[in-house]
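Just so it is clear, none of the values below were taken in a lab; they were calculated from the coordinates. Bear in mind that the values here come from a model prediction, so they are computed numbers and not experimental data. When we count neighbours, we look across all protein chains shown, and the Cβ atoms used for this are built from the backbone with ideal geometry, even at glycine.
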Amino acid sequence: MHAVLCANAPFSGEAEELLQEAVARADILLGVDGGARTLQRYGLIPHIITGDGDSLSDDERAVLVRAGAKLVPTPDQDYTDLDKALTYVREEWGATKVTVFGATGGRLDHSYSVFSALIKHGRSLSLQLVDETAMYELVVGEWQRSGSDLVGRPLSLLAFGRVEGITTKGVRWPLTNDWLAPGLRDGTLNEVTEDSVTVAVASGELIVMLHHI
């Protein structure tokens, strides 16, 4: 079960094309609060709209409902709208793969909470965030990607706390059983040099950021 979610942050460029491609392959499409408006702008009507309802007007909701969207309010303020949407598609729809658009960008605290949700849910879902710059995935044991379009693309490793036992292959500056930690050692702006790239970790929370170009 593949779910595509769209949150409320703006995006453009490569992400617009990737959104249309992902929706064409998805089993279910969700608008996360104001993300439903973004989908509508691209000519897409979500199957479901979740969130606390603070980013859509009553008129906007009414139009989307008439077009076929179902409202599933998630008012719990202890969690972000994205966190709640990910829980919903996993528990209620049995989603095993989720692609999220419109989540990053804008306020730094919003982006922080988005990466926190990626770490939380990326352990049990095949979860990918996509914005106009890159795609982001949590490394759970090992992350691997293959394709003729990889060579020359920047790749960054974002460590959330100390990460041990990092081994990378297929990049210009590989690591072998190495470590990264915020404020001590960063792993940003490497470069893919082969048509297959691998990132493995022994412990810690590491997010791969693979740039589109």
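The table that follows gives values for the structure above.
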| quantity | calculated |
| --- | --- |
| Low-density loop cleavage sites - GluC sites (Glu not before Pro) in the range 139-205, where at most 13 other Cβ are within 10 Å (DSSP) | Glu194 |
| Placed amide H near Leu71: partners under 5 Å, 5+ positions off or other chain | Ile49 |
| Distribution of pairwise C-alpha distances over the chain, 5 Å bins, in % | 1, 7, 15, 19, 19, 15, 11, 7, 4, 2, 0, 0 |
| Label-point gap, in nm, between Ile119 and Thr167 - each point 7 angstrom along Cα→Cβ | 2.5 nm |
| FRET efficiency for Arg66 and Arg25, using Cβ-Cβ distance with R0 set to 25 Å, rounded to 0.05 | 0.40 |
| Order of Tyr88, Tyr79 under a 10 Å beta carbon neighbour criterion, fewest first | Tyr79, Tyr88 |
| Quotient of C-alpha Rg and 2.2 N^0.38 Å, computed over the range 142-211 | 1.01 |
| Cubic angstrom per residue, convex hull over Cα atoms of the range 25-141 | 118 Å³ |
| Gained length - Asp195 relative to Ser111, 0.36 nm times residue gap less alpha-carbon distance | 27.3 nm |
| Peptides 96-107, 15-26 ordered by average Cβ neighbours within 10 Å, highest first | 96-107, 15-26 |
| Inter-label distance, nm, simple model (7 Å from Cα along the C-beta direction), Val151/Ser57 | 5.3 nm |
| Which of Asp83, Asp78 has the fewest Cβ neighbours within 10 Å, and the rest in rising order | Asp78, Asp83 |
| R0 of 22 Å, Cβ-Cβ distance Glu92-His2: FRET efficiency to nearest 0.05 | 0.90 |
